[in-house]
Amino acid sequence: MNSTAALRGATVVLGDRAILRAFDLEIRPGVTLVRGANGAGKSTLLRALAGLVALNGGTRVAPARTLYIGERMGLLRGISARENLRFLAAFRGVSAEPVGPALASWGLAPRDATRPVETLSAGERRRAGLARIDVERCDLVLLDEPFAEIDDTGAAQLLRTIRRLAGERRSVVIATHGRLELDAGANEVVRLQ
């Protein structure tokens, strides 16, 4: 099966510390899990795949339509979740029409979707950030600890979404400590030391 993204011989140095050294990874459609202790380089690996951190060596191959959702979810303060997703859709050049339904499907009530994101709870912000998956519809989705701060209902929605993306033959890379039930359906489980 052809890869949709890859790091080949990738080296990333942050400050005076090599986080990744001559690292190779081929991402195929479906789910790839990245596991490891705190500080092992999980977030750096995802950011390298997204092109958000420079490689000091090696190469990165990724589709133009790549979505990275990190701990901060990429939402701008001072505007609502709805305005954030509309802005990000316009930036990507995609229709903003699915913004309302996406926020609703992720459990954000219409009144909450119009409040400034900084007034939302951490779980509501996480749900708003995850709604980007349904609006931006990217070929490669990179999720850094996506289960943090969401309740059981949100976690169930996220598991369904991950399965749906894999069924659509999109590539999903998830950095996580938990959710061991994901291992059985994953293409690969990458363990960082």
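Before moving on, here are some points about what is shown:
- Just one of (1) at pLDDT below 95; (2) outside any loop (DSSP other than H, G, I, E, B); (3) of a type outside the set (Lys, Arg) fails for LEU143. It is (1).
- Residue pairs meeting the criteria (Cβ under 7 Å; at least 6 apart or on separate chains; first farther than 18 Å from ILE133 by Cα and small (Gly, Ala, Ser), in the stretch 169-193; second part of a strand (DSSP E or B) and at pLDDT 90 or above): GLY185/VAL31; ALA186/VAL31; ALA186/THR32; ALA186/LEU33
- Taken over the stretch 14-23, residues that are over 20 Å from THR4 (Cα atoms) and either crowded, with 21+ Cβ neighbours inside 10 Å or not small (Gly, Ala, Ser) (or both) amount to 6.
- Top-ranked residue of the stretch 24-47 - restricted to ones that are part of a strand (DSSP E or B) and in contact with a Gly (Cβ under 7 Å, 6 or more places away or on another chain), ranked as surrounded by the fewest Cβ atoms within 10 Å (Cβ to Cβ): ASP24
- For the stretch 38-50, a residue qualifies if it is among the hydrophobic types (A, V, I, L, M, F, W, C) and in contact (Cβ under 8 Å) with a residue 60 or more places away in the chain, and the qualifying residues are ALA40, LEU45, LEU46, LEU49, ALA50.
- Subset of the stretch 49-61 [within 23 Å of ALA131 (Cα to Cα) and either buried (at least 20 other Cβ atoms within 10 Å of the Cβ) or of a type in the set (D, E, K, R) (or both)]: LEU49, ALA50
- Being over 26 Å from ARG28 (Cβ atoms), of a type in the set (S, T, N, Q) and touching a residue at least 40 places away in the same chain (Cβ under 8 Å) is a condition met by at least one residue of the stretch 102-122.
- Test result for GLU71, surrounded by fewer than 17 Cβ atoms within 10 Å (Cβ to Cβ), at pLDDT below 95 and not in a helix (DSSP H, G or I): yes
The values are calculated or read from the model by the stated rules, or taken from the named source; none is laboratory data. Just so it is clear, the model here is predicted, and its values are computed rather than measured. Ideal geometry is used to build each Cβ from the backbone, glycine not excepted, and the neighbour counts take in all protein chains shown.
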